[in-house]
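This report refers to the structure that appears directly beneath it.
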Amino acid sequence: MGGKNATETVLADTAGIARAAAILERGGLVAVPTETVYGLAARADSPEAVAKIYAAKGRPSFNPLIVHMRDVEQARRLADLPSTAETLAELYWPAPLTMVVPKRADADLAPAVTAGLPTVALRSPNHPTMQALLAACDFPLAAPSANRSGFVSPTSAAHVAATLDGRIDLILDDGFACTEGLESTIVAIREDHSWSELRAGPVDLDQLHKFYWDAPYKRAKTSNAIEAPGQLASHYSPGKPIRLNAKNFAPDEFVIGFGAVAGDCTLSGKGELNQAATRLYDCLHLAAGSEKPRIAVATIPEVGIGRAINDRLRRAAA
Ligand code: TXA
Ligand code: MG
């Protein structure tokens with residue numbers, strides 16, 4: 001580690017996963033693909049290992065981490081799961097769905113993972129590499145997105161290297177771009193079974209609510225400082241000014257298109273929101289690397305996953 005040495009990227013095959021597990025075992029940092037974005041993993045039960053995540057990312061210490069686990073059985077060791085959370089985990093996991101639930105008093109977690117909160121964020125990722133790694137480790141993995149704090153999230157091994165090269169021990173590369181392309185939906189579930197969305201993402205909570213939930217439904221309008229400490233207004237930034245809902249474009253703007261607007265790159269030529277979600281961070285990385293000093297983004301409809309796309313774009317522009 002340290003600024004000078006380049007971080008090695010290895011294929012996420014059996015040997016690569018075994019090496020990653022050994023590095024994690026002794027408290028190191030490994031970037032690993034998930035179905036949402038690349039995560040920067042460390043063992044969640046080690047204060048030293050978790051401290052390295054905050055240092056490598058330059059992440060503020062008040063911003064807690066998501067703990068990744070194999071299944072609901074492992075989740076029960078860390079949290080007092082309200083029955084709503086049990087049901088949801090059994091129906092949906094592995095999935096891009098993170099649940100913020102009451103932490104167990106005896107949870108074997110480094111205190112920094114939860115940044116002093118009485119709750120913990122849990123997710124079982126739906127990705128073969130991350131699942132293979134979790135199976136190879138006998139501890140859960142704390143993993144924020146694998147980017148320097150505030151910068152655009154990574155959906156490929158190259159994106160990870162763009163901001164963390166030399167700062168972490170290993171990058172596992174499965175050769176694909178992350179399929180969902182946006183961070184998991186985060187839902188807080190309380191003892192009284194009320195719940196609220198802390199971050200929009202691939203799992204649409206409105207749909208979910210229609211089919212499964214009788215519990216009182218409260219959607220947080222804006223993120224609340226205590227429940228969603230990491231939802232900083234400025235985030236996902238490509239480091240230059242961004243204009244949203246753009247209809248006309250200046251020659252010095254890198255244009256991110258959608259549908260009829262072709263742009264310098266497009267989120268989806270056919271105007272498909274799922275494809276736009278998958279491509280969002282790649283387009284922002286391209287825009288960051290372009291010579292053009294400003295960025296303009298075409299209008300994205302505020303429906304379904306479009307809500308999550310616009311949430312990330314607003315933070316990128318803040
Ligand atoms: O898809 C994802 O969720 C990715 C992959 C790697 O799993 N991870 C990710 O982590 O997006 P990160 O650190 O970039 O975002 C975690 C979010 C932050 O906004 C943080 O504040 C929130 O989860 N969070 C974590 N623990 C929390 C808690 N106990 N209460 C409320 N929010 C919490
Ligand atoms: Mg992040």
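The values are calculated or read from the model by the stated rules, or taken from the named source; none is laboratory data. These figures come from a predicted structure and were not determined experimentally. Please note: Cβ atoms are built from the backbone with ideal geometry, for glycine as well, and neighbour counts cover all protein chains shown. SASA here: full protein model, heavy atoms, side chains in, ligands and nucleic acids out. Shrake-Rupley method; radii C 1.70, N 1.55, O 1.52, S 1.80 Å.
For Asp13, the solvent-accessible surface with a 1.4 Å probe is about 70 Å², rounded to the nearest 10.
When the surface is traced with a 1.4 Å probe over the full set of protein chains, Thr179 keeps roughly 100 Å² accessible. For the chain, a Gaussian network of Cα nodes joined below 10 Å ranks Val203, Val50, Val32 by mean-square fluctuation, and the top entry is Val203. Computed over the chain with a Gaussian network model linking Cα atoms closer than 10 Å, the most mobile of Pro251, Pro128, Pro118 is Pro251.
Kindly count the pairs of lysines across the range 8-218 whose alpha carbons are less than 27 Å apart, treating pairs on different chains or eight or more residues apart as eligible.
Lysine pairs meeting the criterion: 4.
Using a probe of 1.4 angstrom and keeping all protein chains present, the accessible surface of the chain works out to 42 square angstrom per residue. Kirkwood analysis of the Cα pair distances in the range 20-75 returns a hydrodynamic radius of 12.1 Å. Taking the chain as a Gaussian network of alpha-carbon nodes connected by springs under 10 Å, the highest mean-square fluctuation of the residues Lys210, Lys103, Lys52 belongs to Lys210. The helix-only estimate of mean residue ellipticity at 222 nm for the chain, built from DSSP H runs of length n ≥ 4 each weighted as -39500 (n - 2.57), is -8500 deg cm²/dmol after division by the residue total. For the chain, the fraction of 1.4 Å probe accessible surface lying on carbon and sulfur atoms is 54 percent. Taking 18 Å as the cut-off, the amide N atoms of the range 134-159 that come nearer than this to a point 7 Å along the Cα-to-beta-carbon line of Glu48 belong to 138-140, 142. Global size of the range 8-218: 16.1, 49 Å for Rg and Dmax (C-alpha atoms, Rg to one decimal, Dmax whole).
A Förster distance of 25 Å, applied to the separation of the beta-carbon atoms of Ser290 and Glu8, puts the FRET efficiency at 0.35.
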